[in-house]
1. What number of residues within the range B:224-264 are within 14 Å of another protein chain (Cβ to nearest Cβ) and without any contact (Cβ under 8 Å) to a residue 60 or more places away in the chain?
2. Look through A:Cys327, A:Cys248 and report the one residue that is more than 10 Å from every other protein chain (Cβ to nearest Cβ), within 19 Å of the chain's Cα centre (by Cα) and of a type in the set (A, V, I, L, M, F, W, C).
3. Here are some conditions: (1) in a loop (DSSP other than H, G, I, E, B); (2) of a type in the set (A, V, I, L, M); (3) at pLDDT 95 or above. A:Ala210 meets all but one. Which one does it not meet?
4. Which of the following residues is away from every other protein chain (no Cβ under 14 Å) and within 25 Å of A:Ser148 (Cα to Cα): A:Lys173, A:Lys211, A:Lys178?
5. Residues being open to solvent by 20 Å² or more (accessible area, probe 1.4 Å), farther than 23 Å from C:Thr79 by Cβ and more than 10 Å from every other protein chain (Cβ to nearest Cβ): count how many of those fall in the range A:262-306.
6. Suppose we filter C:Gly144, C:Gly151, C:Gly156, C:Gly181 for residues that are under 20 Å from C:Leu24 (Cα atoms) and assigned to a loop (DSSP other than H, G, I, E, B); which single one remains?
7. It is to be established whether one or more residues within the range A:28-42 are within 30 Å of C:Met95 (Cα to Cα), more than 14 Å from chain B (Cβ to nearest Cβ) and basic (Lys, Arg).
8. When you go through (1) part of a loop (DSSP other than H, G, I, E, B); (2) within 12 Å of chain C (Cβ to nearest Cβ); (3) open to solvent by 20 Å² or more (accessible area, probe 1.4 Å) one by one for A:Gln257, which number turns out not to apply?
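The values are calculated or read from the model by the stated rules, or taken from the named source; none is laboratory data. Predicted model only: the values in this text are computed from it and were never measured. Cβ: placed from backbone, ideal geometry, glycine included. Neighbour counts: every protein chain shown. Each accessible area value is taken on the protein alone, full model and side chains, heavy atoms only, with ligands, DNA and RNA left out. Shrake-Rupley method; radii C 1.70, N 1.55, O 1.52, S 1.80 Å.
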Amino acid sequence: MMKVINIDKQKWAGGVESLSKSYRLFGPMKEDDSHNFKELKKGELPDLAYGNTKLSPKSTVFPPSEAMFTYTLDESKPDHHILQDVKKDYSPRAVLGMRPCDAKAVSLVRMNFDTPEYRDPYWMDAYEATTFVGLACDAPCSTCFCTSTGCGPFNEEGLDVLLVDNGNAYIAKALTEKGEKLLAAAGFADKGDDAAVATKKAAAEAKITAKIETDKLSEKVIMDLYDAPFWADIAFSCINCCTCTYACPTCWCFDIQDENKGNEGVRMRNWDSCMTPLFTMHGSGHNPRDKKPQRVRQRFMHKLKYFVDKYQKGIMCVGCGRCVQQCPVNIDIRTVSKTMNDYVAKC
Amino acid sequence: MDAYITKIKAISERLLKDGTVEAVIGFREGTMPMMSEPCFIKSSDDVKDLVWNANCRINLANYLTNRKEKIAIVAKGCDSRNIVNHIIENKIKRDQLFIIGVPCKGMNDKNTGALQDNCGTCTHRNPVIYDELVGDLVVEQTGVDKYADVKKVEAMSTDEKWAFFEDMYSTCTRCYACRNACPLCYCPTCFVDESKPQWVGKATDPIDVRTYHFLRAYHCAGRCTDCGSCEAACPQNIKVRQLTKKLEKDCAELFGWEAGLTLDKRPPLDTFNVDDPNDFIK
Amino acid sequence: MQNPYKAYPVRIDSIDVATEDKSLRTFKFVFLNPEDENKFAYESGQFAELSIPGKGEIPIGIASSPTEKGFVKFTVFRTGLVTNHLHNMKVGDIMGVRGPLGNSYPLKALEGKNIVIIGAGFAFTTLRSTIVYMLDPANRKRFGSIDVIYGARNPGMLLYKDELTAWEQRDDINMHITVDGTDDPTWKYHTGFVPMVTEKQAPQADDNTYAIMCGPPMMLKFTKPVLDKLGYKHENIIMSLENRMKCGIGICGRCNIGKELICKDGPVFTLAQLKFMPEEDT
């Protein structure tokens, strides 16, 4: 169907330079002892020798803070107290070298921001301007469990191009028109073939031994899991920070806040987290989730049950393992899901 | 330390069986290398899950705040000083607690496996308050320079200092793991969450990030025991203790104060003494 | 598609203090751009986000009925940052209204049916919208009998008093107005809590009778068993929920109860649907 291109690694830098003329480029960059997605400056190359980044590349379409509108409170101005659009740069951009788990996460998150009734312009305009170039994982981390979430180290969902490391070259599978366009813009035109991919894929998948167990969860009605007795135990150690939600590529909750300086202001959208008590605090002071176990339950039920029931597209987790690696008290979604799954099996 | 866990389990089992406490707060095995998970044991059958090793670095006093039941808690030196603080600040009552004291030789850094920074300069490895010890008291370190890092920054020029802190906080995501892991941070509404009026922006604007960290350090001044939980919790590996250490040094120099050593005195920012330094009043 | 986060600019056309303790005010908004009023075409039961640049937004049920042209009306309770500011605003001030949001009372399904409307306190706003809509000459014939049970703490706390009196005079609607208690000797309506008055005054249920309920959790808790006793089917009991909201369009993720987003899949649900949703209030 779509082209397979062979990219000689000697030609990679040149191709990225060509791309930088017509795309804003984002890629993983080394930062102290880890990697994070950054906008590449002219001449910079993404560091593709990495496991996965600390924070997911969701920030390329969904930044931690962004301005939605500006306004003036100065009543002498004609448009005072009326929300004004903010000029945004949605010129073409490309994310180079994201992992297949993060790419699938973007397609899952899209279901939230692009519905039949409403289209979030900030997320969608950024998404539509972006070409996603993935890098298949040959050496998954010990905490990766993508294969049990409906994803995998060579998964193509959500990507426009998939790069497979083949020693001296990358095998580039163009998966969409956008992908073909990018490869052409980079000048990558040598015909390639994907014969080697299948073996590499199998080898990578075999390396993943960690898994998440959720096969029974769709059977049960929400209420049975909701009222289960194990939530207090799971929640005890949780310190209700935002680490898991900020690191997670499928988390999307946000807050809307106005920030003023004198008479001028901006309506901001900031990442928010269901783990914080303020998340559901009513103006009256009533808080339906004022106890920690309720919030912890909300997070896992949303990821592993509510999303499943609402969209029938599987769980809202791609097995990237970031929450497992970064939780300060080592709460492990694999353990939690097993507890939930075993509980359903027992009922 | 293997002998410790045998003792911890024995004490916990006894306390739960005879009803002295309703629960034991300790650690259980983590799923990640060099990690453990705080746990709440209510039945003597579950005592077998308890562990004690060099990965039990999170300050368990954090889980005591405002609890109402009788509870046993496994506490190393720094943790016990936070328990003293909690009692002084009415976050828990002494007679609710059975403190299982653990003389500590230091915890491991979860990233490197080497001794954690704060443990390297610790001078209070033995619990200062306990009901039963799980081992002999260890020798306290002497001749350590607790403030070597602080002095390095103090020696910098203004521009260097500015660049140092700008760089240090550049990766902060405002996840509040540092605040939430800290036993001292128990305000019902933290100053960053106030809205009437709003003191600090919630986004990642560098000025707001630094305001949050500076103010939090000040709120901990005179109370911080340098347990290192804030640094251990930070997912971005920010050296959060850089500021708290400076304020700890200031309290030592200005007020001759060390936090959490005695139930009889309140921290310096809580009390007033006529011969407090006041040469800043011109 | 239009940016769903952008509010239509409106001007405050009138402000009425709605209750004697001044905690509620009714605001009448006029759209600055007349064509926005057409874009804002709404149905009873829906809500809108009242948007005050510089302060924030609040989700408030629409009190006016689609049959009332040229303006939209909201009755707002003063409780937090934005509502306090709104209560201090003046006629002529500019702000925004975003919507209409949420689903509406299923009035199409209620055609030909007898309807019992039960409300308490300031939850009566969207019920006013429904009553005005049904009483409109163009619509009245499409519905069966209409009973309204509406209660407040005391006479001064009843909303829309003039309209309540006017409706009481009509013979195409049965009003049962009640207060929890009063020492006003001229009070000529009922005294007693809404559930009690419902038990006495609501018609016995049959397949053709539906109830629309809107009120504080306490009132709902005690009225549900009364409706059960009277034989109302759970699919025939319609309720309106509320929750903390920000975007109002089902995207920011905070208002969910189970898998339902209150701002988009609700706020109107039947009691039958609610039985499958977690009881997040406990």
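1. Selection size over the range B:224-264: 2.
2. None of the others qualify; the one that does is A:Cys248.
3. (3)
4. Only one candidate passes the filter, namely A:Lys173.
5. Looking only at that region, the number is 3.
6. C:Gly181
7. Within the range A:28-42, not a single residue is within 30 Å of C:Met95 (Cα to Cα), more than 14 Å from chain B (Cβ to nearest Cβ) and basic (Lys, Arg).
8. Of everything listed in (1) part of a loop (DSSP other than H, G, I, E, B); (2) within 12 Å of chain C (Cβ to nearest Cβ); (3) open to solvent by 20 Å² or more (accessible area, probe 1.4 Å), A:Gln257 misses just condition (1).
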